Amino acid sequence: MSFITENFLLHSKPAQKLYFDFAEKQPIIDYHNHLSPQEIAENTSFPSITEIWLKHDHYKWRAMRANGIDEAFITGDRSDEEKFCQWATTMPYTIRNPLYHWTQLELKRYFGIDELLTRDNWRVIFDQCNHALSQPEFTPRSLLRRSKVKVLCTTDDPSSNLEFHQMIREQGIGIQVRPTFRPDQSLHISKHSFGNYITDLSTLMEKEIRNASDLIEALAERAKYFNDLGCFISDHGLSHAPSMNFTEQAANQIFSKRMTGHTITEEEEDIYVSYVLYHLGLIYHKMGWTQQLHLGPQRNNSSRIYAQLGSDMGCDSIGDYRQSTNLAAYLDALDKTDQLPRTILYNLNPSLNEVFSTMAGNFNDGSIPGKVQWGPAWWFADQKTGIENHLNALSNAGLLSRFLGMVTDSRSLLSMTRHEYFRRILCNLIGNDIENGELPNDITWLGQMIENICYRNARQYFDVYD
């Protein structure tokens, strides 16, 4: 039988009280994920548990590779049954990996399955899940409603026409599905795909993008288009912040050099990214948006898998980039002219937790509580120890009570249980402090703080009231 009991991760009476009376009932604002707006718009049933669970999950892919599973059963052309069998074979070996908790939590919450997934029972669980997925309560929208999702923000390239977001708005599904403006491809000037991306963006805009200045104008126009369709947030995936040493003339020259097929240096890339990211910050401030900066990953480490499958295939790791100096320069460049938008910083390297927790506190201006936030534990840190470490570092250097809570950062609709996972860990942390006499035994006051972290802080910060 499953170990996911009623008091899973809740090791004290105060923790249980905080979770069941305050955290559990809160709706969800998932302000960063990679869910498909097409799936939500079309609202069609999933053909199998493999489709919804394994097709896009690079966390599971990494585990299966580590367990010696052939790529054909991971991202290859083997059947859904064969792929699920290999995942079930891997599951017992993920002990103490968050995947072990997440998998059993999802099986229990969505499918009512208490059995531990193994190679011995994979067929029974596969069939049981597939039967459930054919029922109306397992369509994408039904799954979101069952999870009490009020707002979710997908991740969208500026070139997207957002047709599925338009469909969702017209259908009035009772859930706010908002786009997120993610212009990473316009920043990746050293990639082979950069020239083609700029050409395609020029075609979309029906105007040639001749230099970096033209690009900023094009992105500003696309941001307005996104804004008209309900966007309130942007996102950037970067290894580290740029230095902010730039001039418009230099950025334009570097852009032209790259578009004519020349290779650019790391210094030139830094100048270009500094220019573009700074002006994007100005755009976001003008729009009243929040910007997110995801910092720290070292991506596509396996050239073999990158050549075979492309990016985002589970070959990324924590990077050891310097963050503090450049990040401070970027935030200060916007803050000193009172044009810093609301900002959420994400850190992938736990050794820099205190750097990020203290950096976020440097640029608050009294306009709103926690204008600059250190975002939730992310990616490799999105597990019990990582979440606890994040909450402790945030508490020590900032205001935990103003924290915006969890996000899934996931491509699976079943991952909304990660909010429950986070909430249980949060309540257990506070409950232990009460038990140890380190916090007052004022459940009402602390319960209100828990409710705020789980839902109300994000609702107020993003101004997304029901």
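The values are calculated or read from the model by the stated rules, or taken from the named source; none is laboratory data. As the structure is a prediction and not an experimental result, all values here were calculated from the model. As a convention, Cβ positions derive from the backbone with ideal geometry for all residues, glycine included, and neighbour counts pool all protein chains shown.
When Thr50 is tested against (1) crowded, with 18+ Cβ neighbours inside 10 Å; (2) more than 25 Å from Ala132 (Cα to Cα); (3) more than 20 Å from the chain's Cα centre (by Cα); (4) not hydrophobic (A, V, I, L, M, F, W, C), only condition (2) is not met. Exactly one residue out of Asp200, Asp184 is in contact with a strand residue (DSSP E or B) (Cβ under 8 Å, 6 or more places away or on another chain) and among the acidic types (Asp, Glu), and it is Asp184. Does at least one position in segment 329-345 carry a residue that is surrounded by fewer than 17 Cβ atoms within 10 Å (Cβ to Cβ), under 22 Å from Ser243 (Cβ atoms) and hydrophobic (A, V, I, L, M, F, W, C)? Yes, segment 329-345 contains at least one residue that is surrounded by fewer than 17 Cβ atoms within 10 Å (Cβ to Cβ), under 22 Å from Ser243 (Cβ atoms) and hydrophobic (A, V, I, L, M, F, W, C). Residues of segment 312-327 that are in a helix (DSSP H, G or I) and surrounded by 16 or more Cβ atoms within 10 Å (Cβ to Cβ): Asn326, Leu327.
Could you tell me whether Ser160 is at pLDDT 95 or above, within 27 Å of Asn347 (Cα to Cα), under 27 Å from the mean Cα position of the chain (by Cα) and hydroxyl-bearing (Ser, Thr, Tyr)?
It is false that Ser160 is at pLDDT 95 or above, within 27 Å of Asn347 (Cα to Cα), under 27 Å from the mean Cα position of the chain (by Cα) and hydroxyl-bearing (Ser, Thr, Tyr).
Of Asn441, Asn436, Asn457, Asn452, all but one fail to be under 17 Å from Gln292 (Cβ atoms), polar (S, T, N, Q) and out of contact with any His (no Cβ under 7 Å at 6 or more places or on another chain); the exception is Asn457. Within segment 287-309, the set of residues being of a type in the set (S, T, N, Q) and part of a strand (DSSP E or B) comprises Thr290, Gln291, Gln292, Gln298.
If I ask for residues that are surrounded by 15 or more Cβ atoms within 10 Å (Cβ to Cβ) and among the charged types (D, E, K, R), which ones from segment 117-144 would you list? Can you show your working first?
Going through segment 117-144, the residues surrounded by 15 or more Cβ atoms within 10 Å (Cβ to Cβ) turn out to be 117, 122, 125-126, 128-130, 132-133, 138-144.
Scanning segment 117-144 gives a single hit, Arg141.
With respect to (1) of a type outside the set (Gly, Ala, Ser); (2) more than 28 Å from Phe462 (Cβ to Cβ); (3) not assigned by TED's automatic domain parsing to the domain that holds Cys231, the lone exception for Lys17 is condition (3). Filtering His419, His390 for residues that are of a type outside the set (A, V, I, L, M, F, W, C), within 30 Å of Phe138 (Cβ to Cβ), at pLDDT 95 or above and part of a helix (DSSP H, G or I) leaves a single hit, His419. Screening Gln104 against (1) in a loop (DSSP other than H, G, I, E, B); (2) touching a Ser or Thr at 6+ places or on another chain (Cβ under 8 Å); (3) of a type outside the set (Phe, Trp, Tyr) leaves a single unmet condition, (1).
Taking each residue of segment 10-39 that is surrounded by 18 or more Cβ atoms within 10 Å (Cβ to Cβ) and looking for partners that are modelled with pLDDT under 95 with beta-carbon atoms closer than 6 Å, six or more apart or interchain, yields Asn33/Ser410. I'd like to check something: does segment 171-178 contain any residue that is surrounded by fewer than 17 Cβ atoms within 10 Å (Cβ to Cβ), on the phi > 0 side of the Ramachandran plot, outside any helix (DSSP H, G or I) and touching a residue at least 24 places away in the same chain (Cβ under 8 Å)? Yes - at least one qualifying residue is present in segment 171-178.
Residue by residue, here is whether (1) touching a Pro at 6+ places or on another chain (Cβ under 8 Å); (2) outside any loop (DSSP other than H, G, I, E, B); (3) free of Cβ contacts under 8 Å to residues at least 60 places away in the same chain; (4) within 23 Å of Pro297 (Cβ to Cβ) holds:
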site: Gly237; (1), (2), (3), (4): yes, yes, no, yes
site: Phe255; (1), (2), (3), (4): no, yes, no, no
site: Ser274; (1), (2), (3), (4): yes, yes, yes, yes
site: His285; (1), (2), (3), (4): yes, yes, yes, no
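A count restricted to segment 356-379 and to residues that are touching a helix residue (DSSP H, G or I) at 6+ places or on another chain (Cβ under 7 Å) and outside any loop (DSSP other than H, G, I, E, B) stands at 6. For segment 300-358, the candidate set comprises residues that are under 30 Å from Thr75 (Cα atoms) and of a type in the set (D, E, K, R); within that set, the residue that is modelled with the lowest pLDDT is Asp312.
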